[in-house]
Amino acid sequence: MEWEAVIGLEIHVQLATQSKIFSGASIAFGSEPNTQACAIDLGLPGILPVLNESAVEMAVKFGLGVEAEIGMKSVFERKNYFYPDLPKGYQTTQNDLPIVGTGIIEVEPEEGKIRQIRIHHAHLEEDAGKSLHETYTDDHGRGMTGIDLNRAGTPLLEIVSEPDIRSAKEAIAYIKAIHSIVTYLGISDGNMAEGSMRCDANVSVRPKGQEEYGTRAEVKNINSFKFIEKAINHEIERQIELIEDGGRVKQETRLYDSEKNETRPMRSKEEANDYRYFPCPDLLPVELDEAYIEHIRSEMPELPKQKKQRFIDELGLSSYDAGVLSATRPMAEYFEQVKDRCNDAKLAANWVMGELAGQLNKEGLDIENSPVSAQQLGDLVARVMDNTINGKAAKQVFAALWAGEGATADDIIDAKGLKQVTDTGAIAAVVDEVLASNPQQVEQYQAAPEDKRGKMVGFFVGQVMKASKGTANPQMVNQLLKEKLG
Amino acid sequence: MHNKTIAELAKGLADGDFSSVELTRHFLGRIDALDSQYNSFITVTPEQALAQAKAADETRASGHAKALTGVPMAHKDIFCTNGVLTTCASKMLANFVAPYDATVVSNFNHAGMVSLGKTNMDEFAMGSSNENSYFGAVKNPWDLKAVPGGSSGGSAAAVAARLAPGATGTDTGGSIRQPAAFCGITGLKPTYGRVSRWGMVAYASSLDQGGPMARTAEDCALMLNEMAGFDPKDSTSLKKSVPDYTEGLDQPLSGLRIGLPKEYFGKELSAEMSDAIMASVKEFEKLGATIQEISLPNTMLAIPSYYIIAPAEASSNLSRFDGVRYGYRCENPENLEDLYKRSRGEGFGKEVQRRILVGTYALSEGYYDAYYRKAQRIRRLIQQDFLNAFNEVDLIMGPTTPTPAFDLGSNSDDPVQMYMEDIYTLAVNLAGLPGISVPAGQINGRPVGLQILAGHFKESQLLNAAHQFQKATNWHQLAPSSGE
């Protein structure tokens, strides 16, 4: 039987605010345990939360970015459960009335195949702390659990999709699209390794063509692009095998173990929670007005989808090139700087997607870490544009910039004497020299019929370029040779 | 000195009749000598008090004294105090010292007032008799066999016995007004959002409100001047300017329209209580007010509604007391679940556990609509009752409690009977209104309280009416003989 997977994703995006969602403590990553947790984060008696307005603003930006309804009145609720890294015994989150309502995201899992993934809603919430199970032992050497509350109260935007995703590949494309939007908006650093984006997947399978959904399992704890694909594929296979062997999928929460590449059920106690949601009486409903929304809308940066269209319409790039160059904010920023520096979008695109991308790929670097800056590359391309150097010399200059042999393209051009010679007299002297030292070839050329001469002139061009160490302008060499050979 | 009101003490300090150190020593001496019979304090802080008094005297000498600089007072042990125990009268917090002051505490510190210590209360403010304290029951200074009321029973008893001229209290369902009535003092529950809740250990967040307890309305006005105001650290406090509450105290009451809700004079109210209240109402008539009967039809629903909403919020607010980070932790927990169960089972008293269970049940899946949501709907009906009434009248009056203080132990086995004690006070918290209880008579030597209610943020009007009443009567001047 042919099976189809049905996947919905819950993505937790850590917002790039200065401080926590309900306290003034910093959210910087990597500090000593419990150095960034104030009385509010520790849940001491009598403390009260005060909502961080920039978290609200960021959530609204996201909502506008995915063309979602904005919740003009959203309400924080308490999700009650006991856990040592949850200091207050409840998580403050949104439930019935989230800040972002239904929206939509367009993804392109493979070239030319556009898929619309609906967003069910997105809500604001606080993160819990972290339990450190491995690090500590007591005086008798018995294992102890440490609790680090630095992360407690970090603002999260949980983005919940509809079950519109049909494969692990589509899931990756969707997550990348979310990643792209939040980083474009500057509302998250999107750093998965530091936990700035975490993902839970609801996975079910059904016979292809069947309308009804199968029973789903929730796979938790998948925190990198690499693991998401593996974890989802693993879970799809597990469910298909289970059903084909006559079993039934249980609705349950499963943890992904990246070391063993398997999912396994969480202990039932961990999920047998009645969270007893109710509106948090310490926080007023968040009420927004149109003027506020319009103000944020007016400050929205261009998003990937709009940028791609502009690259096609205004810069004349192909749809494919425009897509690649707008996919991530760093890529788009890099490309636009190169383009502004050299004033030729197509040449800039060729260099960014060709020489630069190839080299980055080879060394496994992100564009943010490129040894050649956008300014350097832009200036280099400009020198090609204004005929200072030819294409061949440009590749030499690029390699030298990459190797850090000079600060600017011009420095390298000077140092290596790569400047294209455009002085007719100087080129003519070289041409004369080449013709004089190759009388036999000149004779053959002149004896040849017109239609054969085109190819034969290449020999002389090569000789002239060699003699000029590649600096002669090839068009001028051609021109002069034709004149002198008659 | 201890028979003087806050206003009189402030004047005495300003006139140089005595210093703050002398005054503070005097009250500390009284606490030392007399409080063993009341148990109204959990923690007394003589060293800190004398240091504050000395600083207050220096401030005064330098010419920078404010209205209440150097006047002693006490804080209910629910307000966090930096460096001083804040127990909430619970074994759970018996060793807890907060690293911060509640906003109310720092407001009084800024005002230059001297804190004598922390007063006893019902554990986590849950109770109407002050019998639910880990540190033992408080006795009513008027009759040591009687309860002082609760939950701010320690504050009420301390003020009544002249161990402190004023004290802070908190009122979630009557916890300022009921003990004020039982102890024959004046207690004001401000409008919800008027006084910051920051640093006040939460019982039921949507109902809790701190307020002043003192002997007179004028003293309450002086204290409220320091307590009230917007606090950026409390999202539910209101951005509304604070008037000088002493300014309107002497307004005449002619033309004032007073409503008596017929539901507050039903069969649960004894004839003696009813007589005492009606006699007080007559005084207002003499002062020029007009009296009319009104109706608050949903009054009887206040108790069930309150006893869903308050425990529901409490069940969540008290989850943080889990033995993990601070507070009581059981001995040798076997595992995490054991740690939770025993720390909470051993750390919380019976009434607290009862309310946590009720609240947890009310919020449970499948019961939420039937209980919590319905209780919230009733809450809106009750609010509407009051809004309608305040279209017709300026103030509402009635008894603060159905009976005077009852005997210690008489209601302890019957929680529902105990909950009925709050019948006249609960609705006010559900509606977020201000209310005040003033001494208005005595029955068999036990004080009677008159409750006066006003519209939102009309504290000035309440205080004005109460002050005029106190100018015409002397119930508030009576002192219990146990404090002599």
(message) Any residue that is in contact with a Leu (Cβ under 7 Å, 6 or more places away or on another chain), in a loop (DSSP other than H, G, I, E, B) and charged (D, E, K, R) - is there at least one of those in segment B:400-421?
(response) no
(message) Restricting to segment B:362-409, name every residue that is of a type outside the set (D, E, K, R), within 14 Å of chain A (Cβ to nearest Cβ) and touching a residue at least 24 places away in the same chain (Cβ under 8 Å).
(response) B:Ala362, B:Leu363, B:Tyr371, B:Tyr372, B:Ala375, B:Gln376
(request) Check B:Thr425, B:Thr403 and return the single one that is among the polar types (S, T, N, Q), within 20 Å of the chain's Cα centre (by Cα) and over 24 Å from B:Leu256 (Cβ atoms). (result) B:Thr403
(request) All but one of (1) part of a loop (DSSP other than H, G, I, E, B); (2) buried (at least 24 other Cβ atoms within 10 Å of the Cβ); (3) among the polar types (S, T, N, Q) hold for B:Thr24, so report the exception by its number. (result) (1)
(request) Please enumerate the residues belonging to segment B:116-135 that are more than 12 Å from the chain's Cα centre (by Cα) and outside any loop (DSSP other than H, G, I, E, B). (result) B:Leu116, B:Gly117, B:Lys118, B:Glu123, B:Phe124
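Quick one: is B:Asp208 within 29 Å of B:Phe96 (Cα to Cα), surrounded by 24 or more Cβ atoms within 10 Å (Cβ to Cβ) and within 14 Å of chain A (Cβ to nearest Cβ)? Reasoning before the result, please.
Values: within 29 Å of B:Phe96 (Cα to Cα): yes; surrounded by 24 or more Cβ atoms within 10 Å (Cβ to Cβ): yes; within 14 Å of chain A (Cβ to nearest Cβ): yes.
In short, yes.
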(message) in contact (Cβ under 8 Å) with a residue 24 or more places away in the chain, farther than 30 Å from B:Lys282 by Cβ, assigned to a helix (DSSP H, G or I) and β-branched (Val, Ile, Thr): is that true of B:Ile303 in this structure?
(response) no
(message) Of the conditions (1) out of contact with any Pro (no Cβ under 9 Å at 6 or more places or on another chain); (2) surrounded by fewer than 24 Cβ atoms within 10 Å (Cβ to Cβ); (3) more than 23 Å from A:Cys280 (Cα to Cα), B:Gly193 satisfies every one except a single condition; which number is it?
(response) (3)
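Without any contact (Cβ under 8 Å) to a residue 60 or more places away in the chain and either within 27 Å of B:Lys139 (Cβ to Cβ) or within 14 Å of another protein chain (Cβ to nearest Cβ) (or both): which single residue out of B:Val104, B:Val97, B:Val44, B:Val71 fits that description? Before the answer, list the steps.
Details: B:Val104 fails: without any contact (Cβ under 8 Å) to a residue 60 or more places away in the chain; B:Val44 fails: without any contact (Cβ under 8 Å) to a residue 60 or more places away in the chain; B:Val71 fails: without any contact (Cβ under 8 Å) to a residue 60 or more places away in the chain.
On inspection, the qualifying residue turns out to be B:Val97.
Can A:Ile7 be described as in the same structural domain as A:Asn202 (by TED's automatic domain parsing), over 23 Å from A:Gly186 (Cα atoms), hydrophobic (A, V, I, L, M, F, W, C) and free of Cβ contacts under 8 Å to residues at least 12 places away in the same chain?
Values: in the same structural domain as A:Asn202 (by TED's automatic domain parsing): yes; over 23 Å from A:Gly186 (Cα atoms): yes; hydrophobic (A, V, I, L, M, F, W, C): yes; free of Cβ contacts under 8 Å to residues at least 12 places away in the same chain: no.
It is false that A:Ile7 is in the same structural domain as A:Asn202 (by TED's automatic domain parsing), over 23 Å from A:Gly186 (Cα atoms), hydrophobic (A, V, I, L, M, F, W, C) and free of Cβ contacts under 8 Å to residues at least 12 places away in the same chain.
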(message) Let me confirm something: among A:Tyr83, A:Tyr136, which residue is surrounded by fewer than 16 Cβ atoms within 10 Å (Cβ to Cβ), at pLDDT below 95 and either outside any strand (DSSP E or B) or outside the structural domain of A:Tyr320 (by TED's automatic domain parsing) (or both)?
(response) A:Tyr136
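Output the number of residues of segment B:15-41 satisfying the condition of being closer than 23 Å to B:Ser481 by Cα and touching a residue at least 40 places away in the same chain (Cβ under 8 Å). Write out each step before concluding.
First, the residues of segment B:15-41 that are closer than 23 Å to B:Ser481 by Cα: B:23-41.
Right, trim to touching a residue at least 40 places away in the same chain (Cβ under 8 Å) and you get B:23-24, B:27-28, B:30-31, B:34-35, B:37-41.
Summing the residues that are closer than 23 Å to B:Ser481 by Cα and touching a residue at least 40 places away in the same chain (Cβ under 8 Å) in segment B:15-41 gives 13.
If you go through segment B:45-61 one residue at a time, how many are out of contact with any helix residue (DSSP H, G or I) (no Cβ under 8 Å at 6 or more places or on another chain) and surrounded by 15 or more Cβ atoms within 10 Å (Cβ to Cβ)? Don't jump to the end; show me each part of the working.
Let us first name the residues in segment B:45-61 that are out of contact with any helix residue (DSSP H, G or I) (no Cβ under 8 Å at 6 or more places or on another chain), namely B:45, B:47-48, B:51, B:55, B:58-59, B:61.
Now drop any that are not surrounded by 15 or more Cβ atoms within 10 Å (Cβ to Cβ), which leaves B:45, B:48, B:55, B:59.
Matching residues across segment B:45-61 total 4.
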(request) Given the conditions (1) under 24 Å from B:Asn130 (Cβ atoms); (2) buried (at least 24 other Cβ atoms within 10 Å of the Cβ); (3) not charged (D, E, K, R), report the number of the one that B:Gln37 does not fulfil. (result) (2)
(request) Determine, yes or no, whether A:Val75 is more than 20 Å from A:Leu303 (Cα to Cα) and either over 24 Å from the mean Cα position of the chain (by Cα) or buried (at least 18 other Cβ atoms within 10 Å of the Cβ) (or both). (result) yes
(request) Exactly one condition in (1) modelled with pLDDT of 95 or more; (2) charged (D, E, K, R); (3) crowded, with 18+ Cβ neighbours inside 10 Å is not met by A:Arg206; state its number. (result) (3)
(request) Scan (1) within 15 Å of A:Ile296 (Cβ to Cβ); (2) within 14 Å of chain B (Cβ to nearest Cβ); (3) not polar (S, T, N, Q) for the single condition A:Leu51 breaks and write down its number. (result) (1)
(request) Output the residue which, of all residues in segment B:345-356 that are of a type outside the set (Gly, Ala, Ser) and either in contact with a strand residue (DSSP E or B) (Cβ under 9 Å, 6 or more places away or on another chain) or touching a residue at least 24 places away in the same chain (Cβ under 8 Å) (or both), is farthest from the other protein chains (Cβ to nearest Cβ). (result) B:Lys350
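Of all residues in segment A:282-311, how many are touching a strand residue (DSSP E or B) at 6+ places or on another chain (Cβ under 8 Å), aliphatic (A, V, I, L, M) and assigned to a loop (DSSP other than H, G, I, E, B)? Full working, then the answer.
First, pick out the residues of segment A:282-311 that are touching a strand residue (DSSP E or B) at 6+ places or on another chain (Cβ under 8 Å): A:283, A:285-288, A:293, A:305.
Filter once more, so that each one left must be aliphatic (A, V, I, L, M): A:283, A:286, A:288, A:293.
Next, from what is left, pick out any that are assigned to a loop (DSSP other than H, G, I, E, B): A:283, A:288.
Number satisfying all stated conditions: 2.
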(request) Tell me which residues, restricted to segment A:1-22, are surrounded by fewer than 23 Cβ atoms within 10 Å (Cβ to Cβ) and either among the polar types (S, T, N, Q) or within 14 Å of chain B (Cβ to nearest Cβ) (or both). (result) A:Thr17, A:Gln18, A:Ser19
(request) Look through B:Met213, B:Met200 and report the one residue that is within 20 Å of B:Asn82 (Cα to Cα) and either surrounded by fewer than 24 Cβ atoms within 10 Å (Cβ to Cβ) or modelled with pLDDT of 95 or more (or both). (result) B:Met200
(request) Could you check, for segment B:324-341, whether at least one of its residues is under 28 Å from B:Gly136 (Cβ atoms), in a helix (DSSP H, G or I) and more than 9 Å from chain A (Cβ to nearest Cβ)? (result) yes
(request) Within segment A:418-426, identify whether any single residue is surrounded by fewer than 19 Cβ atoms within 10 Å (Cβ to Cβ), within 29 Å of A:Asp386 (Cβ to Cβ) and among the polar types (S, T, N, Q), and answer yes or no. (result) yes
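Pick out the one residue from B:Ser235, B:Ser196 that is free of Cβ contacts under 8 Å to residues at least 24 places away in the same chain and within 14 Å of chain A (Cβ to nearest Cβ).
Details: B:Ser196 fails: free of Cβ contacts under 8 Å to residues at least 24 places away in the same chain.
Sole residue among the options that is free of Cβ contacts under 8 Å to residues at least 24 places away in the same chain and within 14 Å of chain A (Cβ to nearest Cβ): B:Ser235.
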(request) Would you mind stating whether A:Val60 is more than 14 Å from every other protein chain (Cβ to nearest Cβ), closer than 20 Å to A:Leu284 by Cβ and surrounded by 15 or more Cβ atoms within 10 Å (Cβ to Cβ)? (result) yes
(request) Report, by residue number, each residue of segment B:421-470 that is modelled with pLDDT under 95 and either β-branched (Val, Ile, Thr) or in contact with a Lys or Arg (Cβ under 7 Å, 6 or more places away or on another chain) (or both). (result) B:Ile423
(request) Consider B:Pro46 carefully, then state whether it is at negative phi and in contact with a strand residue (DSSP E or B) (Cβ under 6 Å, 6 or more places away or on another chain). (result) no
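The values are calculated or read from the model by the stated rules, or taken from the named source; none is laboratory data. Everything numeric here is computed off the predicted structure, so don't read it as measured data. Reconstructed Cβ throughout: ideal geometry from the backbone, glycine too, with neighbour counts over all protein chains shown.
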